[in-house]
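Down below is the structure, laid out as structure tokens.
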Amino acid sequence: MFVIGDTLVSLDVLEKEFCCDLDTCRGCCCVEGDAGAPVTPSEEHNIAETLPRLLPELTKEAQAVVEKQGFAYNDPSGERVLSIVNDKDCIFARTDHNGWCYCLIEKAYKAGKIDINKPISCHLYPIRLTQVGDRVGVEYHRWDICHCARVLGKKNHLPLYQFLKEPLIRRFGEEWYKELELTATEWKKQCEQR
């Protein structure tokens, strides 16, 4: 682990190679799993304000879930997460005519229809944030469905932290990311000297 600001960054974030291969996986991370994506209180507030514009775009099943329990709930650990349909699909996930899954929030944001992006937990995946004492743990979450992303990352020699540059800057800021890059460069030099 490396200390950067108020975070503890896992070595995997620097060393593992990763690049989403949407041609292969078709965005299945939005429709596989047993719990919804974590949301912060501010994200939940922003989604609540935006929900009336998004609701008509949700599937009928997702609309029924929202009507019954809302768009977020407490998972067994007490963490607030987005609601899911059929015990796996995110309520904001939709599938296009080619069978690709996409996020309604992200699509509306990129189209300029809303001013919030998808939750940071989604944007950062496969990095997960945890609380480690008074620091935020920045850790790589390995999931079997992302095998194709590991293969493509290795083929492209793309470290995970570089693949996730945009969401890491979104969450921690430019200065933090610059320090992460410097740490990665120094770590690589040390490894090469061994």
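Looking at this model, which pairs from 107/155; 118/154; 113/154 are more than 30 angstrom apart at the alpha-carbon?
113/154
Name the lysines eligible as straight-distance cross-link partners of residue 178: C-alpha to C-alpha under 16 Å, and not fewer than 8 places from it in the same chain.
165, 188
Could you list the chymotrypsin sites (Phe, Trp or Tyr not before Pro) in segment 29-124 that lie in coil according to DSSP, counting only those with at most 16 other Cβ atoms within 10 Å of their Cβ?
Hits after loop and neighbour filter: 100.
Could you look at the chain and say what percent of its accessible area is carbon and sulfur, using a 1.4 Å probe and all protein chains?
49
If you place +1 on the Cβ of every Lys and Arg, -1 on the Cβ of every Asp and Glu, and leave all else neutral, what size is the dipole of segment 72-116 about its Cα centre, to the nearest 20 Debye?
Using Cβ point charges on Lys, Arg, Asp and Glu, segment 72-116 gives about 200 debye.
Only Cα pairs under 8 Å and at least 6 apart count here; give the relative contact order of the chain as a rounded whole percent.
Over the chain, the number comes to 32 percent.
Placing +1 at every Lys and Arg Cβ and -1 at every Asp and Glu Cβ, with all other atoms neutral, what dipole size does segment 90-188 have around its Cα centre, in debye to the nearest 20?
That gives a dipole near 360 debye.
Ordering 57, 175 by accessible area with a probe of 1.4 Å, largest first, what comes out?
Ranked list, largest accessible area first: 175, 57.
Identify the residues of segment 78-94 with backbone N under 15 Å of a label point that sits 7 angstrom from the Cα of residue 68 along the Cα-to-Cβ direction, or state none.
83-91
Using a Gaussian network model on the chain with a 10 Å cutoff between Cα atoms, which of 164, 11, 104 fluctuates the most?
11
Just to confirm, what accessible area per residue do you get for segment 1-157 at 1.4 Å probe, in whole Å²?
Spelled out: the 1.4 Å probe surface of segment 1-157, per residue, equals 56 Å².
Which value does Rg/Rh take for the chain over its C-alpha atoms, Rh per Kirkwood?
Value, to two decimals: 0.99.
The values are calculated or read from the model by the stated rules, or taken from the named source; none is laboratory data. Keep in mind that this is a model prediction, so the values were computed, not measured. Heads up, the Cβs are rebuilt from the backbone with ideal geometry, glycines too, and the neighbour counts pull from every protein chain shown. Accessible surface is based on the protein model in full, side chains and every heavy atom, while ligands, DNA and RNA are left aside. Shrake-Rupley method; radii C 1.70, N 1.55, O 1.52, S 1.80 Å.
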